[in-house]
Amino acid sequence: MYLVFKRVVSLSLALILFVMFLPIMAIIAVAIRMESKGSVIFKQLRTGKDGKNFYCYKFRSMVCDNDVHDMSKKDEVTKVGKFIRNTSLDELPQLVNIIKGEMAFIGPRPWITDYAKYYTEDQRKRLEVSPGLTGLAQCSGRNNISIKEKIDLDVKYVKNLSIKMDLYVLYKTVMCVLKNEGNESDKNAINNELEELRAQSFERYIY
């Protein structure tokens, strides 16, 4: 019952915020195009509820020809990109994902599809709810905690899903944004996390 209530609230709030932030999103879009050529929106395939994949939207924060797989050089983040990342404004296009029913405001963050391949049975519980703009792992350390700790927190969220839990995550998220905590991540972060999950999967196979 709470999930139905949460969906109605998420949809209503997303529509209101989309209209409210439309002028700001237009300014960000213009600023991105003025600084660098390429698409204003960056979209990437992510794993959603029940393991279904969807395209997650963000404002582009890097130069268009940046190669995320080239480990020999750092990601080329634009000046506008650095600002919208630090203020989390790059996430605004995900209001569209919420309106489409692919995401919610609060829930485990949607990760690239490679992650889900290595989940244990218990870890897959993080896929039982819609992914969110923010989640318990996001506001409890973000990039300063290990991938297993992030998943454990997401599973804890799912197991204790309630309006009280969502309000707690919302409060902690506001504090994290104001303090600008844990939003720095080096280029190898995703690769390192995947290696940790692969090792976990290998250990299960061995034992």
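Data table
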| read-out | value |
| --- | --- |
| Residue in segment 150-160 that is surrounded by fewer than 21 Cβ atoms within 10 Å (Cβ to Cβ), of a type outside the set (D, E, K, R) and not in a helix (DSSP H, G or I) present | yes |
| Matching entry among TYR57, TYR2 (being within 28 Å of ILE151 (Cβ to Cβ), in contact with a strand residue (DSSP E or B) (Cβ under 7 Å, 6 or more places away or on another chain) and among the aromatic types (Phe, Trp, Tyr)) | TYR57 |
| In segment 1-41, the residues that are open to solvent by less than 90 Å² (accessible area, probe 1.4 Å) and of a type in the set (Phe, Trp, Tyr) | TYR2, PHE18, PHE21 |
| Residue within segment 33-53 that is among the hydrophobic types (A, V, I, L, M, F, W, C) and touching a Gly at 6+ places or on another chain (Cβ under 9 Å) present | no |
| Residues that are more than 18 Å from ILE190 (Cα to Cα) and either under 18 Å from the mean Cα position of the chain (by Cα) or open to solvent by less than 10 Å² (accessible area, probe 1.4 Å) (or both), drawn from segment 115-125 | ARG124, LYS125 |
| Any hit, segment 102-110, residues being surrounded by 14 or more Cβ atoms within 10 Å (Cβ to Cβ) and assigned to a helix (DSSP H, G or I) | no |
| Tally of residues being open to solvent by 50 Å² or more (accessible area, probe 1.4 Å) and not polar (S, T, N, Q) across segment 81-95 | 3 |
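The values are calculated or read from the model by the stated rules, or taken from the named source; none is laboratory data. Since the model is a prediction, treat every value here as computed from it, not as a measurement. All Cβ positions, glycine included, derive from the backbone under ideal geometry; neighbour counts span all protein chains shown. Calculation scope for accessible area: heavy atoms of the full protein, side chains included, ligands and nucleic acids excluded. Shrake-Rupley method; radii C 1.70, N 1.55, O 1.52, S 1.80 Å.
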